[in-house]
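Chemist: One structure, as structure tokens, below. Some questions next.
The values are calculated or read from the model by the stated rules, or taken from the named source; none is laboratory data. These figures come from a predicted structure and were not determined experimentally. Keep in mind that these areas ignore ligands, DNA and RNA; they rest on the heavy atoms of the full protein, side chains included. Shrake-Rupley method; radii C 1.70, N 1.55, O 1.52, S 1.80 Å.
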Amino acid sequence: LDELAERWGTKYAAIVRLWENAWEEFIPFLDYDVEIRRVICSTNAIESLNARFRRAIKARGHFPTEQAALKCLYLVTRSLDPTGAGRARWTMRWKPAV
């Protein structure tokens, strides 16, 4: 953090201040192994899935039953990886963390 402040402090003072203010909360994150940190930082994939769910629900408007809504969400999930090949990659990438 000190090296960051020295190098970029004058140009990006607000960002350096932000890191300095949040440093105490960030330090425990560094104690985790790299594999665990990768899982913790994987919220982008989760947010992407949530966005696809919202888009599918909004496009259809309403559903006659809860079962119909669940089927729609299931089909959205399946369309992300129709062949199932991604499951093997996902398992291998997250296996060390698990």
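Chemist: Report Ile46's accessible area, 1.4 Å probe, all protein chains in place, as a number in Å² to the nearest 10.
Modeler: Estimated to the nearest 10 Å², Ile46 gives 90 Å².
Chemist: For Glu3 and Ala69 in one chain, what is 0.36 nm times their gap in residues minus the Cα-Cα distance, to one decimal in nm?
Modeler: Values: separation 66, 0.36 × 66 = 23.76 nm, distance 5.16 nm.
Gain in length upon complete extension: 18.6 nm.
Chemist: Continuing with the same structure: Over region 1-60, what portion of Cα pair distances is larger than 19 Å, expressed as a whole percent? Write out the running numbers ahead of the final one.
Modeler: Details: 1027 of 1770 pairs.
Looking at region 1-60, the distances longer than 19 Å represent 58 percent of pairs.
Chemist: Right, another one. For region 33-74, place one equal point scatterer on every Cα, skip the solvent, and apply the Debye formula. What is log10 of I(q)/I(0) at q = 0.29, 0.31 Å⁻¹?
Modeler: Results for region 33-74 at q = 0.29, 0.31 Å⁻¹ read -0.95, -1.01.
Chemist: Another question, if that's okay. Report the accessible area of Tyr74, computed with a 1.4 Å probe over the heavy atoms of all protein chains in place, in Å² rounded to the nearest 10.
Modeler: Its accessible surface works out to 130 Å², give or take rounding.
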